[in-house]
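Read the figures in this text as sums done on the coordinates, not as results from a lab. Quantities reported herein were computed from a predicted structural model and do not represent experimental measurements. Neighbour counts run over all protein chains shown; Cβ positions are idealised from the backbone, glycine included.
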Amino acid sequence: MIELHGLTKLYDDARVVDDVSLTVDQGEFCVLIGPSGCGKSTTLKMINRLVPLTSGRILLHGEDVAALPAEQLRRRIGYAIQSIGLFPHWTVAQNIAVVPTLLKWPKARIADRVEELLALLRLDADGFRDKYPHELSGGQAQRVGVARALAADPDVMLMDEPFGALDPITREVLQAELARVHHETGKTIVFVTHDMDEALKLATRIAVMNEGRLVQYDRPIELLFSPADDFVRDFLGKADLGLKLLTRRWVHQYVAPAPWADRRASMGSLRDIVATHGHVWLVDGDGRPEGLFGARLWRAEGDPLGELSRIHPDWLATPEMTMKEALSRMVWRRVLALPVVDADGRLSGEVTMAGVMGRQPEGAAA
Ligand code: ADP
Ligand code: MG
């Protein structure tokens, strides 16, 4: 899909990108990561010719990028950056339509495409189409930036620290959105970051760079288990490797059947379930978890049967949540299990601390 062959960039005598060769397959989410100044942005900009290369070759679907007409380059390679670069005096719709307009698409087709992209990025079309960038939050502006990069339906999306300027919560939301968009569109993405958690969460492959050179190019799990050298090991951060691993594990890989009972169940039957399982989730008439009975889950001392504990919304897990997030919620709520709920909020299972410790999940290698 994208092949870099001996890609090199010199500024004066400095080799800021030094003989980088790698292949990104169709549909991959490739993350370039490394410390500031290691040549990530320069590598990305050489792919769409924003920066001329000193030597080497870049092939897109087997064609030399250097030989592509500018118009094809724009259509086939989308580009999104941190500062977004939305035009301040243009509406959201006009901003999204930049490339289709340059490519002289008919008006109706452009309007349809804008609607489609607003829907894909979960921006209500009627509310956002005619807004100006200054009326948007950082997260909304970044969604528009991603929509704009996708506008002409490019083969490849290049993204340079697109979420770097967002607050941590908005950032997590946008990461999840991008993962969904990647899943739904099957686009090939090359994404630059210096944040290993972000890389581990999003990447299908990670390219670690240092001082202009490619140090390791591997799947996230391989990187975690077999770092190529001390630089990669240090960059991964020894201290929380275990937690980082859990950013590549999902709740659906760990979910187990949950002991449950209707909230109107008799005390005796609850006692029986607790005697067997240590706890029981109480569900309402629609099957939504409402409470937990059985204090053995709690770290706190006290009656082993304990009181009924009301389930707080942030005490829930969903199948798509990472196990790192689930674990974080367990620690935060001081519980050893979370109820897992489906899209309708119904209890579909549970994840437990014992489950995290106890086994390698199926299909975890990806
Ligand atoms: P990264 O994105 O990994 O932080 P960059 O690719 O932006 O790194 O930069 C790599 C190196 O190239 C840095 O040392 C930077 O100072 C240098 N560099 C980038 N652009 C230019 C330029 N236009 N002229 C001279 N040096 C540059
Ligand atoms: Mg950069």
Query raised in the report: Helix-derived [θ] at 222 nm for the chain: sum -39500 (n - 2.57) over DSSP H runs of at least 4, divide by residue count, nearest 500?
Result: -10000 deg cm²/dmol
Report summary line: If LYS107, LYS9 are placed from fewest to most neighbouring beta carbons inside 10 Å, the sequence is LYS107, LYS9
Requested in this report: Could you pull out the longest piece of the chain with no exposed loop GluC sites (Glu not before Pro) in it, calling a site exposed if DSSP puts it outside H, G, I, E, B and it has at most 13 other Cβ atoms within 10 Å?
Outcome: 1-300
Query raised in the report: Roughly what angle does helix 267-277 make with the longest principal axis of the chain, taking Cα atoms, 0 to 90 degrees, to the nearest 10?
Result: 60
Report task. Within segment 125-139, which residues have the backbone N less than 17 Å from the label spot 7 Å out from THR170 along Cα→beta-carbon, could you tell me? Result -> 128, 131-139
Query raised in the report: Which translational diffusion coefficient, to the nearest whole µm²/s, is obtained for segment 124-187 from the Stokes-Einstein equation, given a Kirkwood hydrodynamic radius over C-alpha pairs, 25 °C and 0.890 mPa s?
Result: 194
Query raised in the report: So how far apart, in nm, are the two label points at ALA256 and ALA108 if each is 7 Å from Cα heading toward Cβ?
Result: 5.9
**Report entry** Beta bridge orientation in segment 70-209: antiparallel %, DSSP, nearest 5
**Finding:** 0
Report summary line: In degrees rounded to 10, the 0-90 angle between helix 168-185 Cα long axis and the longest Cα principal axis of the chain is 70
Requested in this report: Answer with one residue from LEU174, LEU246, VAL215: the one whose Cα lies farthest towards the positive end of the charge dipole of segment 141-260, charges on Cβ with Lys, Arg +1 and Asp, Glu -1.
Outcome: LEU246
Requested in this report: Enter the Cα centre distance for the pair segment 159-219 and segment 32-47, rounded to the nearest angstrom.
Outcome: 13
Report summary line: Around LEU50 (Cβ within 13 Å, Cβ-to-Cβ, excluding LEU50; K/R +1, D/E -1) the net charge comes to +3
Report summary line: Ranked from fewest to most other Cβ atoms within 10 Å of their own Cβ, SER137, SER328, SER348 fall in the order SER137, SER328, SER348
Query raised in the report: Angle between the Cα long axis of helix 138-150 and the longest principal axis of the chain, 0 to 90 degrees, nearest 10?
Result: 50
**Report entry** Dipole moment magnitude, nearest 20 debye, the chain about Cα centre, only Lys, Arg, Asp, Glu C-beta charged
**Finding:** 200
Report task. Eight or more residues apart or on different chains, and alpha-carbon atoms under 16 Å: count the Lys pairs in the chain matching that. Result -> 5
Report summary line: For TYR11, placing the label point 7 angstrom along Cα-to-beta-carbon and taking segment 190-220, residues whose amide nitrogen sits under 14 Å are 211-212
